[in-house]
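Below is one structure, written out as structure tokens; the observations come after it.
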Amino acid sequence: MTRPARLLLPLVAAAFVPACFASSANVDPRIEKLLGELGKVRHIEAVQLSPDGSQLAWVVRTQGKDSVEVAKADGSGAHRIGSDKPGTCNDSDVAWAPDSHHLAFLSDCATGGKQKELFLVDAHTRAAPKKLAALTGVAQGLSWSADGKTLGFLYVPNGTRQASAVFAAKPAAGEIGVDGMEVQRVAAIDTTGGAVQLLTPAESYAYEFAWSPDGKRITYTAALPPGDNNWWLAKLYVQDAQPGAPAHLVLNPSTVTGSLHGLQMALPRWSPDGERIAFIGGLMSDQGSTGGDIYAVPSQGGDAINLTPDIHVTPSWLAWTSPQQLLVAQISNGQSQVAEYAVAADKASQGRTLFTLPADIGDGSAWMALSLSSDHAHVAFVQSSYANAPEVHAGTLGETAPAAVTTINAGLKPGWGKAESVEWENEGRHVQGWLLYPANYDPKKSYPMIVAVHGGPSSAVIPRWPSVGFGGSPFSALGYFVFLPNPRGSFGQGEAYVQANRKDFGHGDLRDILAGIDTIEKKLPVDDRRLGLTGWSYGGFMSMFIPTQTQRFRAVVAGAGIANWQSYYGQNLIDQWMIPFFGASVYDDPAAYAKSSAINFIKQVKTPTLVVVGDRDAECPAPQSFEYWHALRAQGVPTSLVVYPNEGHHFVDPDHQRDVLQRALMWFGKYLPPASS
């Protein structure tokens, strides 16, 4: 656990932690209690329902280590499979074989955490797992061919880091952009034994893949390396599932005409007859945060058809359940929804809405991920909300959402106030967000409110249980209203809404947020003189930019933000994401970037601001936080900068996660105390 922390003084120099976490001399004891409660949640990931619908497998994290558990479909008989040294190593990435008996998983237990190995276990006999391969790199995304003879996965041979831009970048050394290039490829292994075979070309970085129904081909999205930067340029390919097979280009969004031009693709899925590939296409700011319209393209290549133009929801996951039907998980007005779509040659129409939940039905490994039995009659997923901690939910797929079948986190109770959806109209658009009431709310009292802007911007706030990390719920527990808006640019209102803040970062979405604050203040006792602002990533940018446009906020915590889009373009390692949003590079249209750069309006800022960032953040590099902090300090604005060593955009060290949240709670406690005026 983190050592106690001490509130930073306003004009403090940049602090590097955790050589020294701050001390607890001035910490509100409620913060320590809250952090302790948040630390009790056990994360559940990668829920997999066996093809015959009789068994479940999932990955659960306990004290920072992952283990695999297997149970019957009703959750009974849960037991660990894998290492006999729980809590000392990691078992993860589960995948059921088509026979519903065998389960594949990855483990680093035999190597002391140094490298993953691929194992296969008979879940019925509970015999000792059989090692299929020792992997000398980074692997993920296990997937079986339909005949059960081959296991495919994404693999970075000799990889040294997790394959994602959100994880810590490699330290800069040598010839940049050339030395140490790591390429993720689709790999496969015969499940009866043999060597790992690399299927996709060495010059292509593969992001996702799927087996054809007959198991003879794969489809995958890929781009030239470096992989962290070029996901936004990925193309769709099909090839025979053999090493050295030629890759056939099916679709290039950069060259197509129509609504997909210049946008991104995710989740390629073969139709049952193998004739078409469906996928989600849209304006996406991050791999893994999937949302857009549903498209289909012939598997031999041809024109991509937008099957769902002008819908007012955001599909985020899909699966074919028949040649004429898709099951779709989507975001609808800030909630999770599962629906059936009837699919024709050129159109997919939403039929039954099976259920809508004010809850998250994804997990840490995927956005809104479901697992289906082979007959599509049963479903499983991880569900959490502001009211309920994560559990595995499983049961019949129908018009009633399945109940929880585990009690992994059943003892946890929310320490924050109730949540409600808030809706309003602004500039001809319907806007939605979530409002958390203060714990122990008294309508006779006046309360401060913290506005927490989500990252992305192509993302959405959906109710989910918090952890020790950056989020809104802890502020509610300490006596604040917390407003979590989904302004233009967010998922949940259709693709036109997602694209509404292109070339307009920080302006139209700010007006949406301010209108939402006004809506709340008209009906609830929120003190407009005590508004706070926070966010991470895009939310960190907004936390830096908004105080240059309005003096309405009295305290700010900016996490992994962007102060200057012009200098950011040359500093970050993922500049390709910016072209779809800004319309051109900074060299071709500097004015588009200057318009949204906080540094160009920095003289307007008077708000005390805490700035936090990881020193190896590839997405929002630390120099952006230095630039903002330096400008505030030069003007005498109370500020503090904390830089966390060896962290990327997504913090992985539990002590760092705890320290960030603790400092944020203390910052608002100092400059925006929750006690009534």
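Here, each number is a calculation from the coordinates, and none is a lab measurement. Just so we're clear, the structure is a prediction, and the values are computed from it rather than from any experiment. With ideal geometry, Cβ positions are generated from the backbone for all residues, glycine too; neighbour counts draw on all protein chains shown.
Here the relative contact order of the chain, from alpha carbon pairs under 8 Å that lie six or more residues apart, stands at 12 percent. Quick one: which of LYS503/LYS606; LYS413/LYS444; LYS116/LYS235; LYS522/LYS606; LYS606/LYS670; LYS40/LYS114 span more than 19 angstrom between C-alpha atoms? Pairs exceeding the cut-off: LYS503/LYS606; LYS413/LYS444; LYS116/LYS235; LYS522/LYS606; LYS40/LYS114.
Taking the Cα centre of the stretch 320-406 as origin and assigning +1 to Lys and Arg Cβ atoms and -1 to Asp and Glu Cβ atoms, the resulting dipole is close to 140 debye.
Taking every C-alpha pair closer than 8 Å and separated by at least 6 residues, the mean separation divided by the residue count of the stretch 83-187 gives a relative contact order of 18 percent. Stretching the chain fully between THR136 and LEU198 yields a gain of 21.0 nm (0.36 nm per residue, less the alpha carbon separation). In the stretch 601-677, inverting the average of 1/r over every pair of distinct C-alpha atoms gives 13.6 Å as the Kirkwood radius.
Hey, any idea what the orientation-averaged projected area of the convex hull of the stretch 458-581's Cα atoms comes to, in nm²? Could the numbers behind the result be given before it?
Working: hull surface 34.5 nm².
For the stretch 458-581, averaging the hull's shadow over all directions gives 8.6 nm².
Based on DSSP H segments of at least four residues, each scored -39500 (n - 2.57), the chain has a per-residue ellipticity at 222 nm of -4000 deg cm²/dmol.
P(r) for the chain, from all Cα pairs and a bin width of 10 Å, is 3, 15, 26, 28, 19, 7, 1, 0 %, short bins first. Relative to the longest principal axis of the chain, what angle (0 to 90°, nearest 10) does the C-alpha long axis of helix 508-523 take? So the helix axis and the longest Cα principal axis differ by about 70 degrees. Net charge dipole, the chain: roughly 2040 debye, given to the nearest 20, about the Cα centre with Cβ charges of +1 for Lys and Arg and -1 for Asp and Glu. According to the Cα-based calculation, Rg over Rh for the stretch 81-167 is 0.97, with Rh computed by the Kirkwood formula.
Using +1 at the C-beta of Lys and Arg and -1 at the C-beta of Asp and Glu, which of PRO298, GLN162, SER54 has the Cα lying farthest in the positive direction of the dipole of the chain? Most positive-ward Cα: GLN162.
Along the charge dipole of the chain, which of THR356, TYR644, GLN115 sits closest to the positive end, that is, farthest toward it, with unit charges on the beta carbon of Lys, Arg, Asp and Glu (+1, +1, -1, -1)? Most positive-ward Cα: TYR644.
Working from label points 7 Å from Cα in the Cα-to-Cβ sense, the ALA173 to GLN324 distance is 6.2 nm.
What is the sum of charges, Lys and Arg at +1 and Asp and Glu at -1, for the other residues whose Cβ falls under 12 Å from the Cβ of ASP589? Display every interim value, and only then the final one.
Working: positive: LYS503, LYS595; negative: ASP588.
With Lys, Arg at +1 and Asp, Glu at -1, the neighbours total +1.
Here each label is just a point 7 Å from Cα along the line to Cβ, and for THR125 and LYS522 those points are 6.9 nm apart.
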